[in-house]
Amino acid sequence: MASPECAPVAKAGGLGDFVHGLGRELSIRGNHVEIVLPKYDTLRFDRIGGMHKVYRDLWVPFYDKAIHCDVEYGEVDGLNCFFIDAHSEHGFFNRGKIYGDADDADRFAFFSRAAMEFLYKSGRRPDIIHCNDWHTGLMPVLLYEIYAGLGMGHSRACYSLHNMGHQGWVAPHVLRMNRLDVGRLMVPERLQAPGNPAEVNLMKGGIVFSNFVTTVSPRYAWEIQHTEQGMGLQGLLKVHDRKFGGVLNGIDYNTWNPEIDPHLPANYGPDSLPAKAKCKAALRARTGLTDVFKPVVAVVSRLDRQKGVELIRHGIYYALAQGCQFVLLGSAPEPAVNADFWQIKHEMDASPDCHLELGYDEDLAHLIYAGADMILIPSVYEPCGLTQMIAMKYGCVPIARRVGGLADTVFDANYSDRPFEHRNGYVFDDYTYAGMEGALGRAIGLWKRFPEYFRQLRVNGMRQDHSWNGPGQHYLDIYNHIRA
């Protein structure tokens with residue numbers, strides 16, 4: 001598996017959880033899994049066991065020169081991880097962060113070549129090379145354009161799309177940088193960006209050259225083929241439909257499980273739900289909310305446009321007006337959004353019923369899931385989403401917009417066609433204040449008037465299996481399919 005992220009040592013979002021969770025599941029099932037990552041200066045070195053150099057003097061082609069790298073090995077939660085350490089004046093992985101620089105495309109195009117060169121030079125011939133997002137989109141291209149002819153023809157490429165909003169649009173120099181044939185690849189059926197013939201689309205390269213393409217939920221797979229969520233690649237995904245499918249992500253129940261969670265003041269499960277009240281009391285004490293008979297509505301989210309910040313903002317005021325308490329944990333990368341939520345925080349500072357924590361706090365995240373009654377997830381689009389799966393495990397009922405992975409996992413208490421024991425939340429379709437109020441209002445009403453039914457919704461969610469067990473088997477089926 002090649003990726004720019006792997007939790008907990010290099011994590012910026014859900015991709016890190018995906019690589020960690022799937023890697024562990026495949027290993028548990030007896031497969032030999034190796035993960036290749038950049039050696040960032042921001043790695044959580046305290047979470048890497050036995051780190052040492054295993055390959056010296058890896059010279060990676062770079063234009064008409066080569067960049068000297070070493071490769072280090074360490075164990076992360078039992079996973080075999082290899083870290084590419086580039087010695088170059090470019091400082092590709094010494095930026096104090098994973099993403100966010102103007103030359104990100106160059107950085108990860110170089111990483112793609114370095115990962116392939118490491119596999120080749122070290123004599124590794126994996127059955128499957130599993131690449132992730134635009135950052136490693138060049139790896140399937142490099143495999144079939146260069147390395148298959150050097151003895152790696154046995155390896156097959158699986159490519160996973162995690163978010164179509166980031167595709168790696170870049171000038172053709174990244175092809176020359178990697179000694180790839182620009183004329184051969186800069187054509188519409190290969191890497192040329194749709195709508196801009198002067199640009200390379202790295203994600204497109206991964207789709208075209210891989211043996212199978214996955215994305216992180218069945219609903220999102222449909223959306224990116226048939227709606228504007230494909231961000232310009234809808235037609236390409238339809239062309240490659242026979243090698244494309246959606247596999248829902250899982251969550252790691254070693255980390256997210258209220259029955260064993262060390263972050264909580266009391267552990268509980270579906271058969272010991274009253275103990276959740278202790279977590280609610282602890283959440284109120286931690287966030288300064290008064291201890292009153294009211295439901296707690298929560299948001300745990302990155303505060304950006306994709307996550308529905310307008311509806312999150314409206315949801316705060318709506319929930320308070322309906323007699324609820326509200327807790328939010330999240331950070332906003334966009335300055336205007338950040339300023340807006342800081343203004344709300346200052347406005348609510350004296351409120352006994354509202355607390356905004358603008359940042360990220362792992363302990364508090366666990367406590368919010370355990371202490372809240374409902375969680376609001378009004379995404380504009382959501383490839384998979386882990387928030388709703390985690391919340392349900394903790395008996396926190398999701399109120400979600402019916403898009404992507406949310407549509408595949410949250411089933412409306414009133415309107416789902418599933419049996420009641422499979423219903424676990426409230427959903428809405430329209431990205432409007434009225435749409436969100438309809439779902440959140442129904443959830444609040446049930447909590448107030450029919451507490452036994454609300455309790456059953458909690459238990460329904462807690463009993464559903466969103467572990468990596470099912471997705472792990474799906475991926476093994478895909479790997480065996482493309483090996484054959």
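How many of the residues in region 193-251 are closer than 14 Å to Gln167 by Cα and part of a loop (DSSP other than H, G, I, E, B)?
Adding up the residues that qualify gives 5.
Are there strands (runs of 3 or more DSSP E) fully within region 67-183 with at least 1 residues that are under 20 Å from Met51 (Cα atoms) and in contact with a strand residue (DSSP E or B) (Cβ under 7 Å, 6 or more places away or on another chain)? List them. Don't jump to the end; show me each part of the working.
Values: elements: 79-87, 128-132, 156-161.
Filter on region 67-183 gives 79-87.
Using beta carbons and a limit of 7 Å, which pairs, at least six apart or on different chains, have the first residue in region 107-134 and among the polar types (S, T, N, Q) and the second one part of a loop (DSSP other than H, G, I, E, B)?
Qualifying pairs under 7 Å: Asn132/Ser3; Asn132/His162.
Mind telling me which of the residues Tyr433, Tyr415 ends up being more than 18 Å from Phe454 (Cβ to Cβ) and more than 24 Å from the chain's Cα centre (by Cα)?
Numbers: Tyr415 fails: more than 18 Å from Phe454 (Cβ to Cβ).
One residue alone meets the criteria, Tyr433.
Taking the conditions exactly as written (in contact with a strand residue (DSSP E or B) (Cβ under 7 Å, 6 or more places away or on another chain) and at pLDDT 95 or above), does Thr215 satisfy them or not?
Details: in contact with a strand residue (DSSP E or B) (Cβ under 7 Å, 6 or more places away or on another chain): yes; at pLDDT 95 or above: yes.
Answer is yes for this residue.
Does region 38-49 include one or more residues that are under 19 Å from the mean Cα position of the chain (by Cα) and closer than 28 Å to Leu476 by Cα?
yes
Given the conditions (1) touching a residue at least 12 places away in the same chain (Cβ under 8 Å); (2) farther than 30 Å from His166 by Cβ; (3) assigned to a loop (DSSP other than H, G, I, E, B); (4) of a type in the set (A, V, I, L, M, F, W, C), and given that Ile260 satisfies all but one, which numbered condition is not satisfied?
Status for Ile260: all satisfied but (1).
Name the single residue that is nearest to Gln388 (Cα to Cα) among those in region 425-437 being in contact with a strand residue (DSSP E or B) (Cβ under 7 Å, 6 or more places away or on another chain) and crowded, with 17+ Cβ neighbours inside 10 Å.
Gly425
Would you be able to say whether some residue in region 390-400 is more than 22 Å from His422 (Cβ to Cβ), assigned by TED's automatic domain parsing to the domain that holds Asp291 and over 20 Å from the mean Cα position of the chain (by Cα)? Before you say what the answer is, go through the steps one by one.
Here is the first cut: in region 390-400, the residues more than 22 Å from His422 (Cβ to Cβ) are none.
Scanning region 390-400 turns up no residue that is more than 22 Å from His422 (Cβ to Cβ), assigned by TED's automatic domain parsing to the domain that holds Asp291 and over 20 Å from the mean Cα position of the chain (by Cα).
The values are calculated or read from the model by the stated rules, or taken from the named source; none is laboratory data. Source: prediction; values computed, not measured. For neighbour counting, all protein chains shown are included, and Cβ atoms are generated from backbone atoms with ideal geometry for every residue, glycine included.
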